[in-house]
Amino acid sequence: MGYKSFDEINEKIRSGKAVVATADEIIDIVAEKGVKQAAKEIDVVTTATFGPMCSSGVFINFGHSDPPIRMAKVWLNDVPAYAGIAAVDAYIGATEVSDKAESMYGGAHVIEDLIAGKDIKLYAESYGTHCYPREEISTYINKSNINQAYMFNPRNAYQNYSAATNTSNKTLYTYLGTLLPNCGNVTYSTSGQLSPLINDPYYRTIGIGTRVFLAGAQGYVAWEGTQHNPEQKRSENGVPMGGAGTLALIGDIKQMDTRFVRAAIFEKYGISLFVGVGIPIPILDEEMLLQTTVKDKDIFTNIYDYSVPLRSRPAIRSVSYEELRSGVVELNGKKVTTAPMSSLKKAREIAQLLKQQIERGEFLVSQPVASLPMDNKPNSLDIRGAENEKD
């Protein structure tokens with residue numbers, strides 16, 4: 001039986017009467033007041049994460065030059081952008097690398113610099129047409145002199161994620177950081193009990209159209225994220241053991257803040273973008289409240305051996321986030337140091353900021369226009385099969 005609707009909660013937000021707690025705070029509130037009373041009192045629980053999200057990028061419309069050009073190839077600060085969209089539209093991906101061989105500058109840096117208000121060098125080439133006769137342009141852009149610039153991230157905010165170690169005798173350089181030989185360390189990337197989809201494991205309130213905090217701006221869930229895979233083994237509390245759900249997110253970069261989006265270089269791996277995501281969860285009923293009280297000690301993931309190819313990669317053991325956050329886990333009788341790739345401090349800052357915005361009536365909750373699928377299972381590319389067909 002529901003206590004509140006989205007409309008009722010938004011009316012309280014507009015009138016400044018909404019009671020909001022972060023996903024960290026709600027645990028103690030429920031312990032003190034009990035589920036029934038807390039569900040009546042609390043209107044919204046805020047969640048957040050801040051970590052490397054490689055599948056991110058920005059669509060830009062540059063505006064037309066005189067004479068006009070149909071941009072066939074585009075570079076931004078010497079980083080290639082995809083221009084196969086329309087005359088003056090391009091997409092810059094976070095992991096794209098500068099054409100200058102000596103540079104460790106890429107799409108993520110362009111995005112951060114653009115959000116910071118810096119001038120970005122635009123160079124474009126074209127084959128020329130009757131309606132777009134210009135064949136080359138070199139100029140500077142910034143977020144004030146371009147038409148639209150919106151972040152569109154195909155895959156953000158994994159519901160859960162595996163931890164990594166390395167049983168080989170060689171150092172590995174990965175998207176989960178540097179993995180030392182002989183299980184010298186374990187790395188992981190999550191905000192655990194503060195993480196958005198952990199607190200709404202069955203996607204009751206998070207779906208297509210959900211308003212989110214995206215890198216300092218108000219954005220939206222545009223679609224299920226790529227590799228969205230909810231059909232994974234779940235604990236009794238509904239939390240999946242693997243990556244499970246993901247979100248495709250969209251938002252206006254002109255409203256974003258570099259405090260919540262930062263370029264990163266992973267040694268001998270490449271470039272990524274740290275993105276801050278916050279999602280409010282409206283407390284519709286007691287069941288929804290209970291989901292938001294999940295604790296790190298009850299959230300489990302697997303530690304995988306990254307020295308083994310993906311298809312046959314073994315899980316060494318299951319571990320809770322409480323244990324991972326302690327700084328040490330035990331692997332095969334050996335104490336191994338752990339380290340997060342994501343920032344819990346930054347996630348807490350986002351959850352608090354989102355809480356304040358809701359309390360001030362600046363951020364409303366939005367009912368999804370469609371639910372995220374619960375029966376999606378992505379395919380893997382079978383290279384061997386493709387080679388056999390070619391033969």
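The numbers here are math on the coordinates, done by the rules we state, and not lab data. What you are looking at is a predicted structure, and each value in this text was computed from that prediction instead of being measured. Here Cβ is always computed from backbone atoms with ideal geometry, including for glycine, and neighbour counts include all displayed protein chains.
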Legend entry - Cα→Cβ-extended label distance, 7 Å offset, between residue 36 and residue 379, nm: 5.2 nm
Inset, instruction - Mind giving me the FRET efficiency for residue 144 and residue 352? R0 is 35 Å, r the Cβ-Cβ distance, nearest 0.05 is fine. - result: 0.70
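Quick one: length gained pulling residue 86 to residue 255 fully straight, 0.36 nm per residue minus the C-alpha distance?
Details: separation 169, 0.36 × 169 = 60.84 nm, distance 2.45 nm.
Full extension of this stretch gives 58.4 nm more.
Could you give the dipole magnitude of the stretch 119-224 about its Cα centre, charging the beta-carbon of Lys and Arg +1 and that of Asp and Glu -1, in debye to the nearest 20?
The calculation lands at about 280 debye.
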Legend entry - Positive-end residue of 265, 13, 154, charge dipole of the chain with Cβ unit charges: 265
Legend entry - Cα centroid of the stretch 21-44 to Cα centroid of the stretch 151-204, whole Å: 29 Å
Legend entry - Test item: Cα-centred dipole of the stretch 1-46, Lys/Arg +1 and Asp/Glu -1 on Cβ, debye: 200 debye
Inset, instruction - Work from the charge dipole of the chain (Cβ charges, +1 for Lys and Arg, -1 for Asp and Glu, about the Cα centre) and give the residue of 74, 185, 250 farthest towards its positive end. - result: 185
Inset, instruction - Counting only C-alpha contacts under 8 Å and six or more residues apart, can you give the relative contact order of the chain as a whole percent? - result: 24 percent
Inset, instruction - Return the long-range amide H neighbours of residue 219 (sequence gap of 5 or more, or a different chain), with a cut-off of under 5 Å between placed amide H atoms. - result: 212, 213, 214
Inset, instruction - With θ set to phi - 60°, apply the Karplus curve 6.51 cos²θ - 1.76 cosθ + 1.60 along the stretch 11-19 and write out the HN-Hα couplings as whole Hz, x wherever there is a Gly or Pro. - result: 5, 5, 5, 4, 8, x, 10, 5, 9
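Taking 8 Å as the Cα distance limit and 6 or more residues as the minimum spacing, I'd like the relative contact order of the stretch 63-146 as a percentage. The partial results should precede the final answer.
On the way: 171 pairs, mean separation 26.8, N = 84.
Relative contact order for the stretch 63-146 comes out at 32 percent.
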Inset, instruction - Could you work out the relative contact order of the stretch 259-341, using alpha carbon pairs under 8 angstrom and six or more residues apart, expressed as a whole percent? - result: 16 percent
Legend entry - From phi via Karplus (6.51, -1.76, 1.60), per-residue ³J(HN,Hα) for the stretch 22-38 in Hz, x at Gly/Pro: 7, 5, 6, 5, 5, 4, 6, 4, 5, 4, 7, 9, x, 5, 4, 5, 5
Inset, instruction - Work out the charge dipole of the chain with +1 on the Cβ of Lys and Arg and -1 on the Cβ of Asp and Glu about the Cα centre, then indicate which of 368, 293, 223 is farthest towards its positive end. - result: 293
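What does the helix-only formula give at 222 nm for the chain: each DSSP H stretch with n ≥ 4 adding -39500 (n - 2.57), the total divided by the residues, and the result rounded to the nearest 500 deg cm²/dmol? Please list the in-between numbers first.
On the way: 8 runs with 69 residues, N = 391.
Helices in the chain give a 222 nm mean residue ellipticity of -5000 deg cm²/dmol.
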Legend entry - Derived scalar couplings ³J(HN,Hα) [the stretch 275-284; Karplus, 6.51 cos²θ - 1.76 cosθ + 1.60; whole Hz; x for Gly, Pro]: 10, x, 10, x, 9, x, 10, x, 8, 7
Inset, instruction - Would you list which aspartates and glutamates come within 13 Å of residue 100, measuring only between C-alpha atoms, while excluding same-chain residues fewer than 8 positions from it? - result: 78
Inset, instruction - Starting from the amide H of residue 281, placed 1.01 Å from N in the peptide plane, find each other amide H under 5 Å away whose residue is 5 or more places distant or on another chain. - result: 45, 46, 47
Inset, instruction - Compute the normalised compactness of the chain: alpha-carbon radius of gyration over 2.2 N^0.38 Å, N being the residue count. - result: 1.06
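Taking the Cα centre as origin and putting +1 on Lys and Arg beta-carbons and -1 on Asp and Glu beta-carbons, what dipole magnitude results for the chain, to the nearest 20 debye? Write out the running numbers ahead of the final one.
Values: 40 positive and 45 negative charges, 118 e Å.
Around 560 debye, computed over the chain.
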